[in-house]
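The values are calculated or read from the model by the stated rules, or taken from the named source; none is laboratory data. In this text, all values refer to a predicted model and were calculated from it rather than measured experimentally. Cβ atoms come from the backbone with ideal geometry, glycine included; neighbour counts cover every protein chain shown. Each accessible area value is taken on the protein alone, full model and side chains, heavy atoms only, with ligands, DNA and RNA left out. Shrake-Rupley method; radii C 1.70, N 1.55, O 1.52, S 1.80 Å.
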Amino acid sequence: MHQSPASPLDRARSLFRSPGDARHDLAASVVVFLVALPLCVGVAVASGVPAELGLITGIVGGIVTGLLPGSSLQVSGPAAGLTVLVFEAVQEFGIAALGALVFAAGILQLAMGALRLGRFFRAISVAVVEGMLAGIGLVLIAGQLYAMADLEAPASGLGKIAGLPGLLTDIVGSGRALTAFGLGAGSVAVLVLWRRLPAKARVVPAPLAAVALATGASLLFSLPVATVEVQGLVEAVQLPDAAAFGELAGVGAIGTVLAFALIASAESLFSAAAVDRLHDGPRTSYDKELMAQGAGNTVCGLLGALPMTAVIVRSAANVQAGARTKASRVLHGVWLLLFAALLPAALGLIPVAALAGVLVHASCKLVPVRQLAQLWREHRGEAVVLAVTAVAIVSVSMFEGVLIGLALAVIKTAWETSHVHVEVVDKGAGPIRAHLSGNATFLRLPKLLDALEALPQDRPIELDLTGLRHLDHACRTSLENWAARHSSDGTEPVKVASGI
């Protein structure tokens, strides 16, 4: 029997499993919208692009990615984790090329999802990912402290941190900067203290409350602070042209695309794993979620908007607000669209210092101070990888810092798995027996040769290699050379028993 294709209304209705789901999802969507609104705007401003582009990414993350299969309850949009990289890309290639970079990253994510590579992101060292987020958080905190005072931040991460003493002097010496910084600091205070208020007051999300209170104070007292520049939703769209796509041929642009795709994918899939632990609903399909993120970033690229990732703050708010289906995240995108279309002038009232305060608070959560102390007590190698990755990102750049962290993680793992044990049995007479066990690799070659060369030169040696699980070429060659040297002075040749 032939069935007519489902209408858009039928597909919309199918998002809800029951009227009860519809009620819960509608309420959750409003909460997520109120959480996402200031973060979308704040991330865009911190990235050096028009505020409306952050809203566009949030809209696409809700409506496009939200409709696709993958993870049912996590919410996508612009994220603080990519702010530093986006800012660097805009400074290097210009805002006109941003769309092409994001589009290419989206295509790469689609390809990775089609090749079923999504599940392999779970093999990325957690220490590297946490170090990456910590490095981003440190750079973002330092940069947004300048924005809280309505001052321009230095370009490099080290420059931002080194300039903080001078920033303090500028704030104290300027009434305008002091006023703006006070407004931003007040926003941070609201965010910190909001959780201590009664539950009825906390119905309003803390980021929205902080921005609303700062905006109200700015208007009420006519404070001389910078506000968000408004262009209009349509005017802010930066459609990439042929020249923008031509930028993709450069080595620097290719590195940026890879960084966008890999970091956004890793953050999204780690977020999916975390969100799955918060609810009892369907589990995430990693490959499908990767393709959903790729589709969203492809659309964002065509619109010249910011790259998106799944965001744990919004996703957790969605689950905690009682969402049951993907309808909540789709509707939150609809509310963002209606706000951007009907109330764009409201953005122009928001003080930049308040948004900077929201991002400073959010960035502090990216720096795992307590986790690092615990990691140092339990897994010092992982703690070193985390710290080195973060410092490298602050000192060099995002992409190189992540590569350094990955390389260090691989070296650490190789070192830890290449344990080799040498057991020497000497009964005082007859041959000396040396039993080797574990993994004999070039990393442990100095230890291995030291143990063998310490054996008496005038005694016969029996070398038992049957306990080795792995013997690489460097070790095999060195053992053969040692055996030849040991037998060169007339000593009985070394007898070798090998199981490899």
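Yes or no: segment 27-36 includes at least one residue that is surrounded by fewer than 24 Cβ atoms within 10 Å (Cβ to Cβ), modelled with pLDDT under 90, over 21 Å from residue 362 (Cα atoms) and out of contact with any strand residue (DSSP E or B) (no Cβ under 8 Å at 6 or more places or on another chain).
Looking through segment 27-36, at least one residue is surrounded by fewer than 24 Cβ atoms within 10 Å (Cβ to Cβ), modelled with pLDDT under 90, over 21 Å from residue 362 (Cα atoms) and out of contact with any strand residue (DSSP E or B) (no Cβ under 8 Å at 6 or more places or on another chain).
Yes or no: residue 268 in contact with a strand residue (DSSP E or B) (Cβ under 6 Å, 6 or more places away or on another chain) and of a type in the set (Ser, Thr, Tyr)?
The answer is yes for residue 268.
Quick check on my filter: what residues within segment 407-446 are assigned to a helix (DSSP H, G or I) and exposed (fewer than 13 other Cβ atoms within 10 Å of the Cβ)?
Within segment 407-446, 416, 446 meet the criteria.
Within segment 346-366, is even one residue over 25 Å from residue 154 (Cα atoms) and open to solvent by 70 Å² or more (accessible area, probe 1.4 Å)?
Yes, some residue in segment 346-366 is over 25 Å from residue 154 (Cα atoms) and open to solvent by 70 Å² or more (accessible area, probe 1.4 Å).
For residue 404, state whether it is crowded, with 18+ Cβ neighbours inside 10 Å and not in a strand (DSSP E or B).
Yes.
Residue check: is residue 92 among the charged types (D, E, K, R), within 27 Å of residue 246 (Cα to Cα) and open to solvent by less than 10 Å² (accessible area, probe 1.4 Å)?
no
Restricting to segment 465-500, what's the tally of residues that are touching a residue at least 12 places away in the same chain (Cβ under 8 Å), more than 16 Å from residue 439 (Cβ to Cβ) and open to solvent by less than 50 Å² (accessible area, probe 1.4 Å)?
Summing the residues that are touching a residue at least 12 places away in the same chain (Cβ under 8 Å), more than 16 Å from residue 439 (Cβ to Cβ) and open to solvent by less than 50 Å² (accessible area, probe 1.4 Å) in segment 465-500 gives 6.
How many residues, within segment 336-347, are modelled with pLDDT of 90 or more and farther than 20 Å from residue 314 by Cβ?
Residues meeting the conditions: 0.
Quick one: which residue in 329, 370, 324, 314 is part of a helix (DSSP H, G or I) and farther than 16 Å from residue 78 by Cβ?
Numbers: 329 fails: farther than 16 Å from residue 78 by Cβ; 324 fails: part of a helix (DSSP H, G or I); 314 fails: farther than 16 Å from residue 78 by Cβ.
The conditions single out 370.
Kindly provide the set of residues from segment 112-147 that are over 29 Å from residue 48 (Cβ atoms) and either polar (S, T, N, Q) or part of a helix (DSSP H, G or I) (or both), ordered by number.
The answer is 113, 114, 118, 119, 120, 122, 123, 125, 126, 127.
Out of everything in segment 122-155 that is over 14 Å from the mean Cα position of the chain (by Cα) and open to solvent by 50 Å² or more (accessible area, probe 1.4 Å), what residue ends up being modelled with the highest pLDDT?
Result: 151.
Every residue in segment 144-161 that is touching a Ser or Thr at 6+ places or on another chain (Cβ under 9 Å) and at negative phi, please.
144, 148, 149, 151, 156, 157, 158
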